[in-house]
1. Is it true that Val74 is farther than 15 Å from Ile4 by Cβ, of a type outside the set (D, E, K, R) and touching a Lys or Arg at 6+ places or on another chain (Cβ under 6 Å)?
2. Do you know which of the residues in the stretch 85-115 that are in contact with an Asp or Glu (Cβ under 7 Å, 6 or more places away or on another chain) and part of a strand (DSSP E or B) is nearest to Pro23 (Cα to Cα)?
3. Among Gly60, Gly73, which is the only one that is open to solvent by 30 Å² or more (accessible area, probe 1.4 Å), at pLDDT 95 or above and not in a strand (DSSP E or B)?
4. Pick from Gly205, Gly229, Gly212, Gly182: which is open to solvent by less than 30 Å² (accessible area, probe 1.4 Å) and either basic (Lys, Arg) or at pLDDT below 95 (or both)?
5. Would you point out the residue of the stretch 3-18, among those that are in contact (Cβ under 8 Å) with a residue 24 or more places away in the chain and assigned to a strand (DSSP E or B), that is surrounded by the most Cβ atoms within 10 Å (Cβ to Cβ)?
6. Collect the residues in the stretch 19-47 that are under 18 Å from Pro77 (Cβ atoms), open to solvent by 50 Å² or more (accessible area, probe 1.4 Å) and assigned to a loop (DSSP other than H, G, I, E, B), keeping them in residue-number order.
7. Go through the stretch 281-301 and report how many residues are part of a helix (DSSP H, G or I), of a type in the set (Gly, Ala, Ser) and surrounded by fewer than 18 Cβ atoms within 10 Å (Cβ to Cβ).
8. Out of Val165, Val155, which single residue is part of a helix (DSSP H, G or I), buried (at least 20 other Cβ atoms within 10 Å of the Cβ) and modelled with pLDDT of 95 or more?
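The values are calculated or read from the model by the stated rules, or taken from the named source; none is laboratory data. From a predicted model like this one, the values you see are computed outputs, not experimental measurements. Cβ coordinates were reconstructed from backbone atoms using ideal geometry, including for glycine residues, and neighbour counts include every protein chain displayed. These accessible areas exclude ligands, DNA and RNA; they are computed on the full protein's heavy atoms, side chains included. Shrake-Rupley method; radii C 1.70, N 1.55, O 1.52, S 1.80 Å.
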Amino acid sequence: MKAIRIDSAGGPEVMQWQDITLPPPGPGEVLLRHTAIGLNFIDTYHRSGLYPIAWPSGLGLEAAGVVEAVGDGVTLPVGTRVGYCWGPIGAYATHRNIAAGAVVPLPDGVSDEMAAAGLLKGCTTEFLVERCAKVQAGDWALVPAAAGGVGLLLVQWLKLVGATVIAVAGTKEKLALAAAHGADHGVLDTADVAAEVRTLTGERGVDVVFDGVGKASWESSLDSLKRRGLLISFGNASGPVAGVDLGILARKGSLFTTRPTLFDYYATPEERQTYAGRVLEMMASGGLRLAINQRYKLANAAKAHEDLAARRTTGSTVLVP
């Protein structure tokens, strides 16, 4: 059994590939043998210290695998394929013990790689569109970083509910990728994004912005909204938004903003089973198409972090034990 461990905050170089020893699963726990692990931007926030965690620590919140042993009180059969995406931190490992209530069984139409690559991003997409923004048919939505893992799923889900989607990305190739997943319009992030949005919407602005970029797109996202529009800031790919003057929301049209996390929308086993089950059903039916464009050996996770930060990846990435 091996795992990535870190003893302090820092760059990818702090990630260490180490031998581990696990005890038998305790009451209410299962022992998982991971078959695929998801790579997500939040992993880099934990590693760098942007989101503080206790040291030493593992990394990773999302994986899929097979139940190899169960503790007292667990009814999940040995051999069941399962996935999870809400932690606790420690998914960058060949094996781990985890609470049985933290995993969900995978349907036959969802492979282990699909679950590991798409469960966290899919569940993030679900709560952002359905329960945070409550997007309705006919709404206009702006998606910065639309060619990323969450971005491509946001585009698809927004189209399924009947929204008009404006994608923002750094290259024409990435805009083409977003268009292939359903985006109605594309804007390069080197342009005046807000001005382009105003032109596309007849000066109205969009109803909602799903902004996972953070600091670099904060102003343009605000300026892209209609009066009383909603900015959902759910990521910090370019750095965190800081020092915000709330008065800017009034000056730009009585705007709303929120900074949600998946963990508050998937807080109970019941929520995980219900909403993650819906996401998995959409994956199995093809309603959500996953683009798994990169695969790395788990031992080479530091390289995966480097490529993610340098924007050399598109779609989703999996780490393979």
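1. Numbers: farther than 15 Å from Ile4 by Cβ: yes; of a type outside the set (D, E, K, R): yes; touching a Lys or Arg at 6+ places or on another chain (Cβ under 6 Å): no.
In short, no.
2. Asn97
3. Values: Gly60 fails: open to solvent by 30 Å² or more (accessible area, probe 1.4 Å).
Only one candidate passes the filter, namely Gly73.
4. Working: Gly205 fails: either basic (Lys, Arg) or at pLDDT below 95 (or both); Gly229 fails: either basic (Lys, Arg) or at pLDDT below 95 (or both); Gly182 fails: either basic (Lys, Arg) or at pLDDT below 95 (or both).
One residue alone meets the criteria, Gly212.
5. Within the stretch 3-18, the subset in contact (Cβ under 8 Å) with a residue 24 or more places away in the chain is 3-15, 17.
Filter once more, so that each one left must be assigned to a strand (DSSP E or B): 3-6, 17.
Numbers: Ala3: 23, Ile4: 26, Arg5: 20, Ile6: 20, Trp17: 15.
Top of the filtered list is Ile4.
6. Across the stretch 19-47, the qualifying residues are Pro24, Pro27.
7. We begin by selecting, within the stretch 281-301, every residue part of a helix (DSSP H, G or I); these are 281-285, 298-301.
Okay, now just the ones that are also of a type in the set (Gly, Ala, Ser), so 284-285, 299, 301.
Checking which are surrounded by fewer than 18 Cβ atoms within 10 Å (Cβ to Cβ) leaves us with 284-285, 299.
Of the residues in the stretch 281-301, 3 are part of a helix (DSSP H, G or I), of a type in the set (Gly, Ala, Ser) and surrounded by fewer than 18 Cβ atoms within 10 Å (Cβ to Cβ).
8. Working: Val165 fails: part of a helix (DSSP H, G or I).
The match here is Val155.
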